[in-house]
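Q: Here it is, the structure in full.
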Amino acid sequence: MTQAKTAYQKPIPLKDIDNAPYWDAADKHQLALQKCDDCNAYSQPPGPTCAKCGSENVSWEQFGDDIKATVYSYVVSYRPFLPGFQDELPTIIALAQLDKVPEVKIMGNILNCEEKDLEIGMPIQMTWVDITEDRALPQWIPATN
Amino acid sequence: MGTIKDRYAIVGVGESERSRKSGKTPLHLALDAANAAIKDAGLKATDIDGFMNYNEGDSCTSHQLATYLGVRPKYVKDIQGGGASTEMLIADAVALIEAGQLNTVLIYRSMNGSSGTRVGRGYDPDMLQRALTGGSFVIPYGSASPSQWFGMYATRHMHETGITKEHLGHVCLSFYEHAQRNPKAFLHGKPLTMENYLATPDISSPFNIHDSCLELDEGNAIIVTSAKKAKDCASKPVYIMGMAARQCHPHAHYWNDIDQVASDYVAEELYENAGVTPDDIDVASIYDCFSWVVMRQLEAYGFAKRGEVGDFVAEGNLKIGGKLPTNTAGGMLSEGYTHGMNNAIEIVRQLRHDYKGTDRQVEDCKIGICTGWAGPDIAGAMILRN
Ligand SMILES: [Zn+2]
């Protein structure tokens with residue numbers, strides 16, 4: 001069987017025992033972050049324990065779907081290093097600093113953004129792209145206010 | 001001060017041919033490099049009782065190399081690693097000699113980095129998602145190459161410190177200029193001008209092809225022994241003053257805190273162990289997988305203040321004749337690429353004054369630094385003297 005040309009070619013986030021709540025929330029177009037109940041540090045990406053203090057008392061905090069951030073850093077990629085990116089060059093890969101939790105930075109592509117408009121500090125907001133029938137990928141677009 | 005100061009030495013260095021297509025296995029390249037280093041030291045292969053190697057699943061084993069040198073060693077060690085592994089394995093070798101387990105250790109890196117596995121082309125996506133901490137938060141967004149990973153650090157750092165693309169160009173131009181003096185450099189005969197540099201499109205911002213290290217087929221080897229045994233070698237010993245390494249990032253996940261790098265932490269310990277300061281350094285090998293990585297380390301190791309690194313390189317200080325002649329054989333940007341070992345070999349040759357009487361010699365250099373960087377989370381460095 002060959003895959004249809006329209007099939008999603010890019011890598012799909014692999015869920016595992018530690019990160020599943022993040023990606024389950026993403027599939028529902030929501031953001032969830034892991035937080036330590038002892039030292040209050042957020043763990044992003046999530047892990048088996050809090051990497052800051054080693055505590056096993058970690059839980060998940062829901063942030064909903066209105067996620068604002070600013071561009072902390074970025075790269076513009078003109079060459080694909082993974083399948084699926086060859087048709088969408090250049091690719092903007094950014095590190096988003098969350099307005100509500102500035103210590104948390106989340107990587108993503110900035111969609112609907114011209115390279116010339118891209119700059120550090122630029123306001124962006126999270127959006128979700130349905131990539132398969134049951135999976136969605138958090139992404140970023142320039143904030144509209 | 002480190003208790004091993006000046007008590008161990010590098011007594012032999014050597015390399016194979018370097019090319020885009022060796023037509024040989026990494027074992028052949030390793031044999032060429034090892035034999036060159038053994039000859040350089042004036043030793044017999046059987047004088048070596050320990051063999052160590054770092055690789056990314058792309059090399060022969062230390063056991064194979066020893067076997068085909070006709071040696072039955074006491075100790076072999078193969079680690080997964082890239083940048084900074086040279087310095088870390090030298091530390092391991094010193095420790096084993098100090099412990100009375102070994103006498104003389106050969107450390108090598110051998111790879112068909114061009115015709116075999118190419119790091120710069122990225123890796124298998126699913127493997128990466130599982131192998132990298134938090135890989136699933138990075139790989140689905142197309143970030144699978146070290147240029148993209150380090151580029152994220154570079155963009156922010158350049159924004160904060162005023163480093164420009166032209167400053168990165170000065171790093172490249174300085175090393176390319178050195179390569180023009182080194183007939184064995186892969187880019188010998190291919191000088192670079194600022195005009196050409198700036199006209200070259202980026203592969204992944206802020207890096208174009210000149211900002212990125214070469215990918216070549218090549219083997220390198222280094223021999224370490226005690227200062228006492230070094231006296232019996234044919235070469236002029238280069239003594240290890242101090243070493244330091246760090247294999248973690250302050251943060252659990254290195255993309256969550258792109259403002260710190262492991263080199264920041266290594267520097268202090270390194271100078272303390274060696275008992276010197278940045279002002280004492282005459283010649284440098286600074287790990288240069290990408291131009292910006294050099295800039296960031298110049299800051300970390302105290303050669304220029306944060307915010308002044310751009311001017312430091314623009315003034316020509318990395319060139320022979322500058323304040324800190326760096327990567328004087330051309331570095332990994334223009335000589336060759338073995339995840340740092342070729343840079344370590346060059347610092348040894350400079351400190352031995354192997355180039356005396358030519359325009360390649362950093363005149364009267366006495367103390368040198370060699371730094372390694374596998375990423376923002378892994379650094380290792382050593383200070384050597386003649
Ligand atoms: Zn905690």
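The values are calculated or read from the model by the stated rules, or taken from the named source; none is laboratory data. These numbers were taken from a predicted model, which means no experiment stands behind them. Cβ: placed from backbone, ideal geometry, glycine included. Neighbour counts: every protein chain shown. Accessible surface is based on the protein model in full, side chains and every heavy atom, while ligands, DNA and RNA are left aside. Shrake-Rupley method; radii C 1.70, N 1.55, O 1.52, S 1.80 Å.
Q: Over 19 Å apart: what share of the alpha carbon pairs of region A:66-145 falls there, rounded to a whole percent?
A: Details: 1120 of 3160 pairs.
When all Cα pairs of region A:66-145 are counted, 35 percent exceed 19 Å.
Q: What percent antiparallel are the DSSP beta bridges of chain B, to the nearest 5?
A: Numbers: 37 of 52 bridges.
Roughly 70 percent of the beta bridges in chain B run antiparallel, per DSSP.
Q: Accessible surface of B:HIS210 in the full protein assembly, 1.4 angstrom probe, to the nearest 10 Å²?
A: Per-residue accessible area (B:HIS210): approximately 30 Å².
Q: With +1 assigned to the C-beta of every Lys and Arg and -1 to the C-beta of every Asp and Glu, and no other charges, what is the dipole magnitude of region B:115-265 about the Cα centre in debye, to the nearest 20?
A: Values: 13 positive and 15 negative charges, 152 e Å.
Dipole magnitude for region B:115-265 comes out near 740 debye.
Q: Only Cα pairs under 8 Å and at least 6 apart count here; give the relative contact order of region B:245-386 as a rounded whole percent.
A: On the way: 237 pairs, mean separation 47.9, N = 142.
Once normalised by length, the contact order is 34 percent.
Q: Follow-up. If each of B:ASP279 and A:ARG135 carries a label point 7 Å out from its Cα toward its Cβ, how far apart are those two points in nm?
A: 5.8
Q: Using the Cα centre as the reference, give the magnitude of the dipole from point charges on the C-beta atoms of region A:66-145 (Lys, Arg: +1; Asp, Glu: -1; all else neutral), rounded to the nearest 20 debye. Walk me through the numbers before you get to the answer.
A: Details: 6 positive and 12 negative charges, 52 e Å.
Its charge dipole is roughly 240 debye.
Q: If you don't mind, there's one more thing I want to ask. Taking the convex hull of the alpha carbon atoms in the protein assembly as shown, what volume per residue do you get, in Å³? Can you show the working numbers first?
A: On the way: hull volume 85.2 nm³, N = 531.
Taking the convex hull of the Cα positions in the protein assembly as shown, it is 161 Å³ per residue.
Q: Here's a follow-up. Under a 1.4 Å probe, what is the accessible area of chain B per residue, stated in Å²? Working shown, then result.
A: On the way: 13620 Å² over 386 residues.
Here the residues of chain B average 35 Å² of exposed surface.
Q: Tell me the Kirkwood radius of region B:192-306: reciprocal of the mean inverse pair distance over distinct alpha-carbon atoms, in Å. It would help to have the intermediate numbers written out before the result.
A: Details: mean 1/r = 0.0571 Å⁻¹.
Answer for region B:192-306: a Kirkwood hydrodynamic radius of 17.5 Å.
Q: While we're here: About its Cα centre, how strong a charge dipole does region A:15-65 have in debye, to the nearest 20, once Lys and Arg get +1 and Asp and Glu get -1 at the Cβ? The partial results should precede the final answer.
A: Details: 4 positive and 9 negative charges, 21 e Å.
Taking the Cα centre of region A:15-65 as origin, the dipole is about 100 debye.
Q: Does chain B come out rounded, prolate or oblate by the C-alpha gyration tensor, with a ≥ b ≥ c the root eigenvalues, rounded set by a/c under 1.5 and, if not, prolate when a/b is larger than b/c and oblate if not?
A: On the way: a/c = 1.44, a/b = 1.26, b/c = 1.14.
The shape class here is rounded.
Q: In addition: Give the accessible surface of region A:15-65 per residue, rounded to a whole number of Å², with probe radius 1.4 Å and ligands, DNA and RNA excluded.
A: For region A:15-65, the per-residue accessible area is 50 Å².
Q: With the alpha-carbon atoms as the only input, what is the per residue convex hull volume for region A:15-65 in Å³?
A: Expressed per residue, the convex hull around the Cα atoms of region A:15-65 is 59 Å³.
Q: How large, in percent, is the carbon and sulfur part of the accessible surface of the protein assembly as shown at a probe radius of 1.4 Å?
A: Working: 10100 of 21100 Å².
So the carbon and sulfur contribution to the accessible surface is 48 percent.
Q: Shifting gears a bit: Keeping all protein chains in place and using 1.4 angstrom, which order do A:CYS53, B:CYS172 fall into by accessible surface area, from largest down?
A: Working: A:CYS53 70, B:CYS172 0 Å².
These residues rank, largest area first, as A:CYS53, B:CYS172.
Q: Also: Return the percentage of antiparallel bridges among DSSP beta bridges fully within the protein assembly as shown, rounded to the nearest 5 %.
A: 80
Q: Ok, one more. In Å², nearest 100, what accessible area do chains A and B bury in total when the solvent probe is 1.4 Å? Mind dumping the intermediate values first?
A: On the way: alone 9060 and 15240 Å², together 21100 Å².
Chain pair A/B: roughly 3200 Å² of buried accessible area.
Q: What number, in percent, do you get for the relative contact order of region B:165-284 if the mean sequence gap of Cα pairs under 8 Å and at least 6 apart is divided by its residue count? Mind dumping the intermediate values first?
A: On the way: 75 pairs, mean separation 18.7, N = 120.
Dividing the mean separation by the residue count of region B:165-284 yields 16 percent.
Q: Rank B:GLY380, B:VAL266, B:GLN350 by how far each Cα sits towards the positive end of the charge dipole of region B:254-386 (+1 on Lys, Arg Cβ; -1 on Asp, Glu Cβ) and give me just the farthest.
A: Comparing the listed Cα positions along the dipole, B:GLN350 ranks first.
Q: Which percent, nearest 5, of DSSP beta bridges in region A:66-145 are antiparallel?
A: Working: 23 of 24 bridges.
Of all bridge pairs located within region A:66-145, approximately 95 percent are antiparallel.
Q: Okay, next question. For chain A, what is the Kirkwood hydrodynamic radius in Å, using each pair of distinct C-alpha atoms?
A: On the way: mean 1/r = 0.0610 Å⁻¹.
Taking the inverse mean of 1/r over all distinct Cα pairs, chain A comes out at 16.4 Å.
Q: Top mean-square fluctuation among B:ALA300, B:ALA84, B:ALA329, Gaussian network model of chain B, C-alpha springs under 10 Å?
A: Maximum fluctuation in the GNM of chain B, among the listed residues, is at B:ALA300.
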